[in-house]
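The values are calculated or read from the model by the stated rules, or taken from the named source; none is laboratory data. This one's a predicted model, so the numbers in the text were calculated from it and none came from an experiment. Here the Cβ positions follow ideal geometry from the backbone for every residue, glycine too, while neighbour counts run over all protein chains shown.
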Amino acid sequence: MNNHNFLMENNARHMWHPMAHPAESLISPPRIITSSHGVRITDIDGHTTVDAVGGLWNVNLGYSCDAVKQAITDQLNDLPYYSTFRGASNDKVIELSFMLKDFFADDGLSRAFFTSGGSDSVEICLRLARQYHKLRGEAGRVKFLSLKKGYHGTHTGGASVNGNANFRTPYEPLLPGCFQIPAPYTYRNPFNESDPERLADLCLRALDDEIAFQGPQTIAAFIMEPILGAGGVIPPHKSFMPGVRDLCSQYGILLIADEVITGFGRTGSWTGSRHWHVQPDLMSTAKAITTGYFPFGCTMISDAIADVFEQDPSSDGMIGSGYTYSGHPVGAAAAVACLKETLRLNVPENAATRGQQLFDGLTALSHKHDLIGDVRGGHGLMCGLELVSDRENKTPASKEQVERIQSIAYREGAMVRVSGANILMSPPLIISSTEIDIILAALDSAFTET
Ligand SMILES: Cc1ncc(COP(=O)(O)O)c(C=O)c1O
């Protein structure tokens, strides 16, 4: 049996894939990606495409970033692992925390807590929020508010604040005390409001109403993505996140910015919070912190929260959270190299320009193809197409239709992502104009054939 046959025969046979039905994977096995270069990936049959998914919103520097690869190799030789639990540290994680303090200064965040990925970072935010209130004598602040359509990973805390039933229902009951308000999603919302500014205002009023209903003194934090990602790429009106910030400040509720996708340049700004001129109290990051080459994440903490913990005279400020891989030296080395490259290349600039090109191109496609019900983006390199079989009634396109679009686009040279009736795109931030054109041409062919 040659390697090709072995891989084809065993594909999805002995493993379950995340976010996939095991039975379906057996019938329709996933694509096997075997190599990559620049912003392109190649599958087992030698077919190469532009990766419009950017791995999973994370390979911001593309697949050929030698600086990060070298840093990982060197670190594996120097110190492949050591714990950062109480009493130990490593050189790379100290260097990284110093760099992150500078990087996030404009967001008002100065302390780092390292994790193994995005779900961990979210979980740490939720836990620190409750602990912060307890330390300040407000132990009753335990609830969390969030947005419908939001995605905050799949740990139980994160799933409890998620706003998509697919990630909740099979695992219920989740954490008590988590409540979702409508998202500023102009295409579909309970207010039937398509004007982004008016909708933002209505959602803020719903938040205000929910806070009053729950009782502000019971709420620990509000968590949101500055631009909703996995929920379908939903950029809110520019008034929305500042409005949330104001309400949180007014009621003593912490604002957690989940920047697992939007951190490190994807929106065309260095962070999503900065994109909307907001300073959160806590921020979850991961993904692009190592451009996807090593599983790593970081929760960033504001000065005000840091003060409460660092000035705590009791033992209650002890952080009873942590992961074996918190501050992993190889991850930290990757992140140091990645951050240097990210800054050197000034990636938000290209993200903004190429993001606009992609958004304009998708908008032009929507004038040509009726299957496209809504085009979302215009803020860096995150774009979404919501597909409908009937524009008038906004009937969601069938699974077969959406998968057919993806499959033809792949054949024509672009890997795009399917999420429900949405086609999502989040290519590496170093993508060129020609490569954006390849994505657009592949999608054009796909819509023409479907
Ligand atoms: C906004 C957001 N938060 C959290 C997560 C979870 O991150 P991870 O998959 O690394 O656990 C994701 C993953 O896509 C995300 O998009």
Problem - In the stretch 148-163, residue farthest from residue 261 (Cα to Cα) [restricted to those that are surrounded by fewer than 20 Cβ atoms within 10 Å (Cβ to Cβ) and within 13 Å of the ligand (Cβ to nearest atom)] - result: 156
Problem - Criterion: in contact with a Cys (Cβ under 8 Å, 6 or more places away or on another chain), surrounded by 13 or more Cβ atoms within 10 Å (Cβ to Cβ), on the phi < 0 side of the Ramachandran plot and among the β-branched types (Val, Ile, Thr) - qualifying residue of 59, 39, 53, 68 - result: 68
Practice task
Could you please give the count of residues in the stretch 180-192 that are surrounded by fewer than 17 Cβ atoms within 10 Å (Cβ to Cβ) and without any contact (Cβ under 8 Å) to a residue 60 or more places away in the chain?
Solution key: 3
Handout entry: Single residue of the stretch 395-425 satisfying the filter (within 19 Å of residue 30 (Cβ to Cβ) and among the hydroxyl-bearing types (Ser, Thr, Tyr)) that is modelled with the lowest pLDDT
Key = 419
Fill in the blank from the handout: Selection from the stretch 331-347 of residues within 10 Å of residue 61 (Cα to Cα) and either in contact with a Ser or Thr (Cβ under 6 Å, 6 or more places away or on another chain) or among the charged types (D, E, K, R) (or both) yields 338, 341
Handout entry: From 220, 206, 200, residue being in a strand (DSSP E or B), touching a residue at least 12 places away in the same chain (Cβ under 8 Å) and more than 16 Å from the ligand (Cβ to nearest atom)
Key = 220
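So that you can scan it fast, the table gives a plain yes or no per residue for (1) among the basic types (Lys, Arg); (2) within 18 Å of residue 245 (Cα to Cα); (3) within 23 Å of the chain's Cα centre (by Cα):
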{"site": "138", "(1), (2), (3)": "no, no, no"}
{"site": "143", "(1), (2), (3)": "yes, yes, yes"}
{"site": "150", "(1), (2), (3)": "no, yes, yes"}
{"site": "155", "(1), (2), (3)": "no, no, yes"}
Problem - Long-range neighbours under 7 Å by Cβ, at least six apart or interchain, first residue of a type in the set (D, E, K, R) within the stretch 150-178, second surrounded by 16 or more Cβ atoms within 10 Å (Cβ to Cβ) and assigned to a helix (DSSP H, G or I) - result: 168/159
Fill in the blank from the handout: Here, helices (runs of 4 or more DSSP H) confined to the stretch 228-346 with at least 3 residues that are among the aliphatic types (A, V, I, L, M) and farther than 25 Å from residue 161 by Cβ are 329-344
Practice task
Give the residues of the stretch 270-302 that are away from the ligand (no atom under 11 Å from the Cβ), surrounded by fewer than 22 Cβ atoms within 10 Å (Cβ to Cβ) and within 18 Å of residue 338 (Cβ to Cβ), sorted by residue number.
Solution key: 294
Exercise for the section: Please note which helices (runs of 4 or more DSSP H) are completely contained in the stretch 1-88 and include at least 2 residues that are at pLDDT 95 or above and more than 30 Å from residue 384 (Cα to Cα). Expected result: 3-10, 66-78
Problem - Check on residue 254, in the same structural domain as residue 382 (by TED's automatic domain parsing), of a type outside the set (Val, Ile, Thr), buried (at least 22 other Cβ atoms within 10 Å of the Cβ) and in contact (Cβ under 8 Å) with a residue 24 or more places away in the chain - result: no
Handout entry: Odd one out for residue 186, checked against (1) within 14 Å of the ligand (Cβ to nearest atom); (2) in contact with a Leu (Cβ under 6 Å, 6 or more places away or on another chain); (3) over 20 Å from residue 284 (Cβ atoms); (4) polar (S, T, N, Q)
Key = (1)
Exercise for the section: Select from the stretch 88-108 the residues that are surrounded by 23 or more Cβ atoms within 10 Å (Cβ to Cβ) and within 19 Å of the chain's Cα centre (by Cα) and list them in ascending order. Expected result: 104
Exercise for the section: Go through the stretch 113-147 and give me each residue that's more than 16 Å from the ligand (Cβ to nearest atom) and either surrounded by fewer than 21 Cβ atoms within 10 Å (Cβ to Cβ) or of a type in the set (Lys, Arg) (or both). Expected result: 130, 134, 135, 136, 137, 138, 139, 140, 141, 142, 143
Fill in the blank from the handout: The number of residues in the stretch 371-413 that are free of Cβ contacts under 8 Å to residues at least 60 places away in the same chain and touching a Lys or Arg at 6+ places or on another chain (Cβ under 6 Å) is 1
